[in-house]
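K.L.:
One structure follows; several queries about it will come next.
The values are calculated or read from the model by the stated rules, or taken from the named source; none is laboratory data. All values derive from a computational prediction rather than experimental measurement. Ideal geometry is used to build each Cβ from the backbone, glycine not excepted, and the neighbour counts take in all protein chains shown.
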């Protein structure tokens, strides 16, 4: 996993609000369970876990199709310039 800071704008009515967040990039390591790269902007805590009926893997979430990963495996969040895992 690689994490970097990102700045994004949010339109709220006539206002443009600038936010600071973190971008977490997940890539499959050689010899590990293969998956497509994931990029998750950490504007709110992200649950890392195994896919279930309502939560399916996609390129912008932290859900994985892996049977050895628990459904609620870990939580990743960004707060005050730091990333917590």
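K.L.:
Can you tell me which of (1) modelled with pLDDT under 85; (2) loosely packed, with under 10 Cβ neighbours inside 10 Å is the one residue 29 doesn't meet?
P.N.:
(1)
K.L.:
Name the single residue, out of those in the range 58-85 being within 15 Å of residue 32 (Cβ to Cβ) and in a loop (DSSP other than H, G, I, E, B), that is nearest to the chain's Cα centre (by Cα).
P.N.:
Ranking the candidates gives 73 first.
K.L.:
Right, next: Inspect all residues belonging to the range 5-14 and state whether any of them is in a strand (DSSP E or B), within 15 Å of the chain's Cα centre (by Cα), surrounded by 10 or more Cβ atoms within 10 Å (Cβ to Cβ) and modelled with pLDDT of 90 or more.
P.N.:
Within the range 5-14 (the criterion being in a strand (DSSP E or B), within 15 Å of the chain's Cα centre (by Cα), surrounded by 10 or more Cβ atoms within 10 Å (Cβ to Cβ) and modelled with pLDDT of 90 or more), the answer is no, since none of the residues qualifies.
K.L.:
Scan the range 35-51 residue by residue and report those that are surrounded by 10 or more Cβ atoms within 10 Å (Cβ to Cβ) and in a loop (DSSP other than H, G, I, E, B).
P.N.:
35, 36, 42, 43, 45, 51
K.L.:
Counting only residues that are more than 12 Å from residue 25 (Cβ to Cβ) and under 11 Å from the mean Cα position of the chain (by Cα), how many does the range 35-48 have?
P.N.:
The qualifying residues number 6.
K.L.:
What number of residues within the range 17-26 satisfy the criterion of being at pLDDT below 85 and within 11 Å of residue 59 (Cα to Cα)?
P.N.:
0
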